[in-house]
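Peer 1: Let me give you the structure first, and then I'll get to my questions.
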Amino acid sequence: MLAPGGELDTASPLATAAMESLREYPEFVRELEEEAGESIDFRRAGAVEVAFSDAENDALERKSLRQAELGIHSESCLHAGFPARLYPDDAVVDPRDVTRALLTACRRRGVVIREHEQVLEISRDGRSVRTIKGDHGSEGVLIAAGAWSSALLPGLPRTIPVRGHLISWVMTPWLLGPILRHGHTYVLQRRSGILVAGASTERVGFDRTLDESAIDDIQSRAIWLLPELGLQPPSERWNGFRPDIEAECPAVGKVPGTSVWTAFGHYRNGILLAPETARRIAKMLT
Ligand SMILES: Cc1cc2nc3c(=O)[nH]c(=O)nc-3n(C[C@H](O)[C@H](O)[C@H](O)COP(=O)(O)OP(=O)(O)OC[C@H]3O[C@@H](n4cnc5c(N)ncnc54)[C@H](O)[C@@H]3O)c2cc1C
């Protein structure tokens, strides 16, 4: 989801960057598709947040007033007879498409990508890197290792992995228009018809085990929102680590006095924040 509407309601550097990034997304996707020659599933689908009680509706209305100050537009609407808010500017993008297209575009520009070569150590000045395959001299290092980032160099703001599960179903395309959400539950549909539901929020360290109870919980919350999902079992279940950070906003910048740059700590919004983070880092590097 590229969803400031569902995710943000207080002024912060992160909220500013998120709004900027959402504005940049259409052009980012267009450029990337052109350079990679690959299609990216990106759609300004909007999002509908449903209220199932008067108290929830009041809370949604209060939130929308705070959001209006951040430039997040929303309107009252109805969903299945319940009051709801429509966020017309929220969007969906398939992060697997984006990552694949970035790999192709980078390779076409001559970037050498060494996959499965874990970095073990970075020198304090950023002039050398040790990986599982050996030592490399470098002109500089950009640390963008998500929840693993702070372990790579002493003194960085601490990153904390926050595990989240997702599940998906193969459904008829266009079953769902906008993202549908209620509290911590959301469902969205890809162009292919794949319908994704999330999510859980678990502080369990770097444990990648699938938690059946978390998955069952998401499944029943998703079926409550979209009863059609109860007609067949999910086709995929997976989890990942959101990179939370002990700081007010993601660490995007230069470590003073070194040739080390950082771009990590994007927590729940790293896909949304990708274009703006890239723009800021590129500006600093060039
Ligand atoms: C369930 C769930 C739902 C989410 N939903 C959304 C959403 O709707 N919208 C949104 O914007 N964001 C969402 N996020 C958050 C988003 O996925 C993250 O913010 C984003 O992936 C962070 O990107 P990153 O590149 O910083 O880190 P990552 O995506 O974690 O990538 C870090 C990479 O660094 C590699 N790495 C780590 N250590 C080393 C090392 N020592 N050497 C070499 N490589 C290393 C890792 O293997 C990994 O490939 C969600 C996350 C989860 C878990």
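Peer 1: Give me the accessible area of residue 24, 1.4 Å probe, in Å² rounded to the nearest 10.
Peer 2: Accessible area of residue 24: about 40 Å².
Peer 1: Further question: Among 91, 18, 68, which one shows the highest mean-square fluctuation when the chain is modelled as a Gaussian network with alpha-carbon springs under 10 Å?
Peer 2: For the chain, modelled as a Gaussian network with Cα springs under 10 Å, the answer is 68.
Peer 1: Another question, if that's okay. Kindly express, to the nearest 10 degrees and within the range 0 to 90, the angle between helix 13-36's C-alpha long axis and the longest C-alpha principal axis of the chain.
Peer 2: 80 degrees
Peer 1: Something else about it: With a 1.4 Å probe and all protein chains kept in place, how much accessible area does residue 206 have, in Å² rounded to the nearest 10?
Peer 2: For residue 206, the solvent-accessible surface is approximately 110 Å².
Peer 1: I've got another one for you. Order 188-198, 225-235, 262-272 from most to least packed using the mean count of other Cβ atoms within 10 Å.
Peer 2: Top of the packing list down: 262-272, 188-198, 225-235.
Peer 1: Counting Lys and Arg as +1 and Asp and Glu as -1, what is the net charge of the other residues whose Cβ lies under 12 Å from the Cβ of residue 279? Working shown, then result.
Peer 2: Details: positive: 23, 280, 283; negative: 20, 24, 27, 31, 276.
My count for the surroundings of residue 279 gives -2.
Peer 1: Let me ask something additional. Hey, can you find the accessible area per residue of the stretch 80-125 for me, probe 1.4 Å, expressed in square angstrom? Kindly include the intermediate steps, with their values, before the conclusion.
Peer 2: On the way: 2920 Å² over 46 residues.
Solvent-accessible surface per residue comes out at 63 Å².
Peer 1: Nearest 0.05, what FRET efficiency do residue 235 and residue 38 give at R0 = 22 Å with Cβ-Cβ as r?
Peer 2: Computed FRET efficiency for residue 235 and residue 38 comes out at 0.45.
Peer 1: Still on this model: Non-local amide H neighbours of residue 255 (under 5 Å, H modeled in plane, Pro and chain starts lacking H): which ones?
Peer 2: Excluding prolines and chain starts, which carry no amide H, the hits are 260, 261, 262.
Peer 1: Quick one: helix 95-108 against the long Cα principal axis of the chain, what's the angle to the nearest 10°, folded into 0 to 90?
Peer 2: 30 degrees
Peer 1: Just reorder 115, 38 by solvent-accessible area, largest first, 1.4 Å probe, all chains present. Don't skip to the end; give the middle numbers.
Peer 2: Working: 115 100, 38 55 Å².
Putting 115, 38 in descending order of accessible area: 115, 38.
Peer 1: Further question: Work out how much length residue 170 to residue 209 would gain on full extension: take 0.36 nm times their residue separation and subtract the Cα-Cα distance, in nm to one decimal. Write down the numbers at each step before the final one.
Peer 2: Numbers: separation 39, 0.36 × 39 = 14.04 nm, distance 2.32 nm.
Extra length from residue 170 to residue 209 when fully extended: 11.7 nm.
Peer 1: Here is a further query. Quick one: helix 54-70 against the long Cα principal axis of the chain, what's the angle to the nearest 10°, folded into 0 to 90?
Peer 2: Once rounded, one gets 40 degrees.
Peer 1: I need the calculated FRET efficiency for the pair residue 77 and residue 184, taking r as the beta carbon distance and R₀ as 30 Å, to the nearest 0.05.
Peer 2: About 0.90, to the nearest 0.05.
Peer 1: Related question: How high is the relative contact order of the chain, in percent, with contacts defined as C-alpha pairs under 8 Å that are six or more residues apart? Present the calculation step by step, with values, prior to reporting the outcome.
Peer 2: On the way: 540 pairs, mean separation 58.7, N = 286.
Computed over the chain, the figure is 21 percent.
Peer 1: Ignoring ligands, DNA and RNA, how do 1, 19, 284 rank by accessible area with a 1.4 Å probe, largest first?
Peer 2: If we order 1, 19, 284 from most to least accessible, we get 284, 1, 19.
Peer 1: Kindly give the semi-axes, whole Å and largest first, of the ellipsoid equivalent to the chain, taking each as the square root of 5 times a Cα gyration tensor eigenvalue.
Peer 2: Those come to 35, 21, 20 Å.
Peer 1: Could you tell me the accessible area of residue 254 in Å² (1.4 Å probe, neighbours in place), rounded to the nearest ten?
Peer 2: 110 Å²
Peer 1: Then there is this: Counting only protein heavy atoms, what percent of the accessible surface of the chain is carbon or sulfur at a 1.4 Å probe?
Peer 2: Working: 8100 of 14800 Å².
Percent of accessible area from carbon and sulfur atoms in the chain: 55.
Peer 1: Another question, if that's okay. Which order do 212, 276, 246, 7 take by accessible area at a 1.4 Å probe, largest first? Write down the numbers at each step before the final one.
Peer 2: Values: 212 85, 276 5, 246 110, 7 60 Å².
My answer, sorted largest first, is 246, 212, 7, 276.
The values are calculated or read from the model by the stated rules, or taken from the named source; none is laboratory data. Everything quoted here is computed from the prediction, not taken from an experiment. Counting neighbours? That spans all protein chains shown, and the Cβs are built from the backbone with ideal geometry, glycine included. These accessible areas exclude ligands, DNA and RNA; they are computed on the full protein's heavy atoms, side chains included. Shrake-Rupley method; radii C 1.70, N 1.55, O 1.52, S 1.80 Å.
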